[in-house]
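Reading through the structure tokens given below for one structure.
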Amino acid sequence: MSVKANKNKVSIKHKPKQEKPLKGEKIVSGNIPKWAPIAVLVFTALLYAKALTNGFATWDDDCYILQNPYIRDFSLNGIKSIFTTFYNANYHPLTTLIYLFEYNYFGLNPFPFHLLSVLLHLLNTWLVFKFVEQLSGKKITSLVVSLLFAIHPMHVESVAWVSEQKDVLYSLFYLLSLLLYLRYLKLCFSANNTIIPDVNKSKRTKYYIGTLLFFTFSLLSKSTAITLPVLLIALDIYKGRKINAKSLIEKIPFIILSVFFGILAILSQQSVINDFFFSFSYIQKVFLFTYTIAFYIVKLIAPFNLSAMHYYPDIHGGIFPWQYYASLPLILFIALLLIRRISKVFKKSGIKKEIIFGILFFLITISVTLQIVNVGFALTAERYTYIPYIGLFYIAGQWISGILEKHKKIKYSKVRNTVIAVFSVFAIMFTCQTWYRIGVWKDGEILFTDVIKNNPDMYHCYWIRGNIKYGKADYQGALEDYNSALKYNPKHFCIRNRGYVRNKLGDFKGAIEDMNFAINSDSTIAETYNIRGMAYYGLGNIKSAILDYSKAILLNPKYAEAYNYRGAAYYVSGDIKSALPDYNKAIQLYPEYAEAYNNRGAAYCGLDNTKLALADFDKTILFSPKYAVAYDNRGVLKTKTGDINGAMKDINMAISLAPDNPKTFCNRAYIKIIQKDLKGAIEDFNYSLKLKPDDGKIYYDRGLAHYNLNETTEACKDWQKALELGNEDAIHMLHQYCK
């Protein structure tokens, strides 16, 4: 088949006219030493080394790491579940798969999780350097952009927060996809938009497929990656490629993937879309939108008053804070400045095109996080800038590069020195802020203390910190935070949390009061009845407790905790046969429910079924190795079976885990009596009485130990004290042995 000649055919007889190289092919190094990019990476590594000592932030880390069932099943079925289900209103299976490997190799040690996030950030910094180098052809630009990307305080959230490992992971593949696409363009098109005839087709195909493959990986890491197809079109325009049917057709696979994963994201987040967003008027929504854009622009230059949460404004009275109204004229002013003034200045440096591209890069990549449909409590978030800021950094990098190149021949250029000085000041400021912000992510309590400092009137942050304190068994601190939350939002559902804490603190009447209020507000929530049942149980009103637990189960037949607590109520009322089915159901619903196994073990003890009781205590300890009560119960049972050494080992473990339980010291004292260590038993009784000085039974038992040591006087004193505290068994001992 003959090939028709065309105007683009290259003559082999004459030397072809040299075409202008595609922008980015020739790399201009300027005065940048070869080791400069490595220095940026080393500096960034030293800066973020502080994050390696951080723990889990609790906020979301509890869902994604500490309590995530999907990262505990390292099997084909487990991996299949990761890719076929939504979890915590998200679909990012590749990120969850990374968590799966981290958890199964390192457990709940936070160090490896933070180490991987820091390494990914370093790799992303390197990719930003290479991408900008190919994009601009200037190493000065790429160095400036990569340094700003590496040290900017707004990026700390993405790196120092384990739950945002998805951010640095999706960015890795996103940047790789962009880098391969630039190489694809370089191989395919010359500066005048004609196809280069002598390029290896298979190599072009590999770059195209690689771009698509990395894009897929990015989508599987975080759905925010759906912006890539639009950005590829922006790259085409920036590189001078003609936008035609062919250039758009090659984007179709990317668009299909974006639409598919966009739908998945919407479906996964249905449960966290806030209705209150739709209560804003159209005018208010305009100001919300302009405030969001203005927020990210202002924080780019002045990253102060940063916070893990930037809440929606309080609109009591229907009026926004002044910043929201000021955002619209600010955006208009910036737009006017770009069009009329800044563009003229930059045009002299030849980078007017770069301004447009940088702004488009920013707007395209941040578009899906502008809360057009509200998800969660936050209007803006610092992590959303991780990729988008590259566009704005690019404008700054090109401007700095242009200034330095223009004045490089002037030995003492004031302009050049001023630019370098100003950039250095910003770099130092960003570094200091980043160092401080990394420390804020030390743990959840420190993090939300910082959030409260920035949002002292917002109930949500008190509620979250209260939950964190509750998880640390700081019940008094949790109560104070729940009180603060309810002060700013008296109708907030954290009144149930406060009721739960009041139960823990023994304020059962206060807990019932809270739950009555909650039930009057909404009588369809099972948890409310469960908590009130716990309060009735604490007051000894077992009948009312059983009624509330039953109501909770009626509202939620899969409420494992309610079954467990109702079983405990039946048990203390002496109805062990009714308790067992409830414990069985709780365990059926939650096979790793340690407390239910412990309670069922106690029930089996009541039925003298030692074998099943021991098996349940073993299960309890398997699922909760720090469950002190289970060790105590198993130790007592082993004592009855004659396994004294095993019993002592368990009781010692129980004491090490819960050194403030007087009952456990008494149990060890009984074992020591069996071992004929009466003095050791008295020491344990002494310690038990320090913890519980009004327990007549302990005085009675210590009296027996004293008597067996022929310390009758001490024994009689103990029995007398026991009698005063209501122990009637002491009467017989006093009459028989004391005169």
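Throughout, read-outs are computed from the coordinates displayed, never taken from laboratory work. Everything numeric here is computed off the predicted structure, so don't read it as measured data. When we count neighbours, we look across all protein chains shown, and the Cβ atoms used for this are built from the backbone with ideal geometry, even at glycine.
Each residue of segment 394-407 in turn: what ³J(HN,Hα) in whole Hz from Karplus with 6.51, -1.76, 1.60 and θ = phi - 60°, glycine and Pro shown as x?
Couplings: 5, 4, 4, x, 5, 5, 4, 4, x, 5, 5, 5, 5, 10 Hz.
So if I place +1 on the C-beta of Lys and Arg and -1 on the C-beta of Asp and Glu, and nothing else carries charge, what would the dipole magnitude of segment 698-739 be about its Cα centre? I want it in debye, nearest 20. The partial results should precede the final answer.
Numbers: 4 positive and 7 negative charges, 26 e Å.
Dipole magnitude for segment 698-739 comes out near 120 debye.
By a straight-distance test (C-alpha under 15 Å), which aspartates and glutamates pair with Lys242 as possible cross-link partners, with residues fewer than eight away in the same chain excluded?
Counting by Cα, and skipping residues close in sequence, Lys242 has these aspartates and glutamates nearby: Glu250.
Taking R0 as 30 Å, what's the FRET efficiency between Ile731 and Leu691 from their Cβ-Cβ distance, rounded to 0.05?
On the way: r = 26 Å, r/R0 = 0.86.
Working from the Cβ atoms, E equals 0.70.
Step by step: find N for the chain, compute 2.2 N^0.38 Å, then divide the Cα radius of gyration by it. What's the final number? Write out the running numbers ahead of the final one.
Numbers: Rg = 34.0 Å, N = 739, 2.2 N^0.38 = 27.1 Å.
In units of the 2.2 N^0.38 Å rule of thumb, it is 1.26.
Among Gln371, Ala381, Ile355, which residue has its Cα positioned farthest towards the positive end of the charge dipole of the chain, with +1 placed on the Cβ of Lys and Arg, -1 on the Cβ of Asp and Glu, and the dipole taken about the Cα centre?
Ile355
Which pairs break 31 Å Cα to Cα here: Lys138/Lys206; Lys585/Lys626; Lys80/Lys649; Lys34/Lys353? Walk me through the intermediate numbers first.
Numbers: Lys138/Lys206 26 Å; Lys585/Lys626 24 Å; Lys80/Lys649 42 Å; Lys34/Lys353 28 Å.
The answer is Lys80/Lys649.
At 7 Å along Cα-to-Cβ for each site, give me the label-to-label distance between Ile266 and Leu108 in nm.
The two pseudo-label positions are separated by 3.8 nm.
Given segment 698-739 reduced to its alpha-carbon atoms as identical point scatterers, what log10 I(q)/I(0) does the Debye formula return at q = 0.20, 0.21, 0.26, 0.34 Å⁻¹?
-0.44, -0.49, -0.76, -1.23
Identify, among Asn124, Gln284, Ile209, the residue whose Cα sits farthest towards the positive end of the charge dipole of the chain, taking +1 on the Cβ of Lys and Arg and -1 on the Cβ of Asp and Glu, with the dipole about the Cα centre.
Toward the positive end, the furthest listed residue is Ile209.
Pulled fully out, how much extra length does the chain show between Val422 and Leu338, if you take 0.36 nm times their separation in residues and subtract their Cα-Cα distance?
28.2 nm
Could you work out how much longer the chain between Glu714 and Val286 gets when fully extended? Use 0.36 nm per residue separation minus the Cα distance between them, nm to one decimal. Let's see the in-between values first.
Numbers: separation 428, 0.36 × 428 = 154.08 nm, distance 8.20 nm.
Answer, rounded to one decimal: 145.9 nm.
Using just the helices of the chain, give the 222 nm mean residue ellipticity in deg cm²/dmol: DSSP H runs with n ≥ 4 each add -39,500 (n - 2.57), and the total is spread over all residues, rounded to 500. Before the final figure, lay out each step's value.
Working: 35 runs with 494 residues, N = 739.
Helices in the chain give a 222 nm mean residue ellipticity of -21500 deg cm²/dmol.
Could you tell me whether segment 36-439 comes out rounded, prolate or oblate from its Cα gyration tensor? Rule is a ≥ b ≥ c as square roots of the eigenvalues, rounded for a/c under 1.5, then prolate if a/b exceeds b/c, otherwise oblate.
Because its axes are fairly even, with a/c under 1.5, segment 36-439 counts as rounded.
Please work out the FRET efficiency for the pair Lys504 and Glu250, using the Cβ-Cβ distance as r and a Förster radius of 56 Å; give the result to the nearest 0.05.
The computed FRET efficiency comes out at 0.35.
Tell me which of Ala647, Ala308, Ile32 sits at the most positive position along the dipole axis of the chain, charges placed on C-beta atoms (Lys, Arg +1; Asp, Glu -1).
So the residue we want is Ile32.
Tell me which aspartates and glutamates have Cα within less than 15 Å of Lys551's Cα, excluding those fewer than 8 residues away on the same chain?
Partners found: Asp522, Glu527, Glu561, Asp582.
Could you give the longest part of the chain that holds none of the GluC sites (Glu not before Pro) found in DSSP loops with at most 14 neighbouring Cβ atoms within 10 Å?
Numbers: sites that count: Glu19, Glu25, Glu592, Glu728.
Segment 26-591 is the longest.
Give the span of segment 626-693's Cα atoms along each principal axis, as three whole-Å numbers ordered largest to smallest.
Projected onto the principal axes, the Cα atoms of segment 626-693 cover 30, 29, 14 Å.
Calculated FRET efficiency, Ala45 and Met429, Cβ-Cβ r, R0 22 Å, to nearest 0.05? Write down the numbers at each step before the final one.
Values: r = 20 Å, r/R0 = 0.91.
The value I calculate is 0.65.
Using amide H atoms built in the peptide plane, which far-off residues or other-chain residues are under 5 Å from Thr380 H to H?
The list, which skips near neighbours in sequence, is His310.
Relative to the Cα centre, what is the charge dipole magnitude of segment 36-439, using +1 at the beta carbon of each Lys and Arg, -1 at the beta carbon of each Asp and Glu, and rounding to the nearest 20 debye? Please list the in-between numbers first.
Values: 36 positive and 17 negative charges, 504 e Å.
Dipole about the Cα centre, nearest 20: 2420 debye.
Note down the Stokes-Einstein diffusion coefficient of segment 494-625 in µm²/s, whole number, using a Kirkwood radius over alpha carbon pairs, 20 °C, and 1.002 mPa s.
Details: Rh = 14.9 Å.
Taking Rh from Cα pairs, D becomes 144 µm²/s.
Please list, by residue number, every one of the trypsin sites (Lys or Arg not before Pro) in segment 524-601 that is coil in DSSP and has at most 13 other beta-carbon atoms within 10 Å. Numbers along the way, then the final one.
Values: sites: Arg532, Lys543, Lys551, Lys558, Arg566, Lys577, Lys585, Arg600; in loops: Lys558.
In loop regions of segment 524-601 (DSSP not H, G, I, E or B), the sparsely surrounded trypsin sites (Lys or Arg not before Pro) are Lys558.
Using only Cα atoms, find the angle between the long axis of helix 576-589 and the longest principal axis of the chain, and express it within 0 to 90 degrees, rounded to the nearest 10.
The answer is roughly 10 degrees.
Lone cysteines in the chain, going by a 4.7 Å Cβ-Cβ cut-off?
Lone cysteines by the Cβ rule: Cys63, Cys188, Cys432, Cys461, Cys494, Cys605, Cys666.
Please say if segment 612-739 is rounded, prolate or oblate, where rounded means a/c under 1.5 for a ≥ b ≥ c the square roots of the C-alpha gyration tensor eigenvalues, and otherwise the choice is prolate for a/b larger than b/c and oblate otherwise? Before the final figure, lay out the partial values.
Working: a/c = 2.48, a/b = 2.08, b/c = 1.19.
Taking the square roots of the gyration eigenvalues as a ≥ b ≥ c, segment 612-739 is prolate.
Using the Cα gyration tensor of segment 116-172, with a ≥ b ≥ c the square roots of its eigenvalues, what is the shape: rounded (a/c below 1.5), prolate (a/b larger than b/c) or oblate (neither)? All intermediate terms of the calculation are to be shown ahead of the outcome.
Values: a/c = 3.04, a/b = 2.01, b/c = 1.52.
Prolate, because a/c is 1.5 or more and a/b exceeds b/c.
As an exercise, identify the chymotrypsin sites (Phe, Trp or Tyr not before Pro) in segment 61-148 lying in DSSP coil whose Cβ has no more than 14 other Cβ atoms within 10 Å. Walk me through the numbers before you get to the answer.
Values: sites: Tyr64, Tyr70, Phe74, Phe83, Phe86, Tyr87, Tyr91, Tyr99, Phe101, Tyr103, Tyr105, Phe106, Phe113, Trp126, Phe129, Phe131; in loops: Phe74, Phe86, Tyr91.
When the chymotrypsin sites (Phe, Trp or Tyr not before Pro) of segment 61-148 are filtered for loop state and at most 14 Cβ neighbours within 10 Å, Phe74 remain.
At 0.36 nm per residue, and after removing the present C-alpha to C-alpha distance, how many nm does the segment from Phe74 to Asn520 gain when stretched out fully? If you can, show how the numbers build up before the last one.
Numbers: separation 446, 0.36 × 446 = 160.56 nm, distance 4.50 nm.
Going from the current span to full extension adds 156.1 nm.
State to the nearest 20 debye the size of the charge dipole of the chain about its Cα centre, where the only charges are +1 on K and R beta carbons and -1 on D and E beta carbons. Please list the in-between numbers first.
Working: 85 positive and 56 negative charges, 1222 e Å.
About 5860 debye.
Quick one: what are the phi-derived ³J(HN,Hα) couplings along segment 137-152, Karplus 6.51/-1.76/1.60 with θ = phi - 60°, whole Hz, x for glycine and proline?
Values per residue, Gly and Pro as x: x, 10, 6, 4, 4, 5, 5, 4, 5, 5, 5, 4, 4, 6, 10, 5 Hz.
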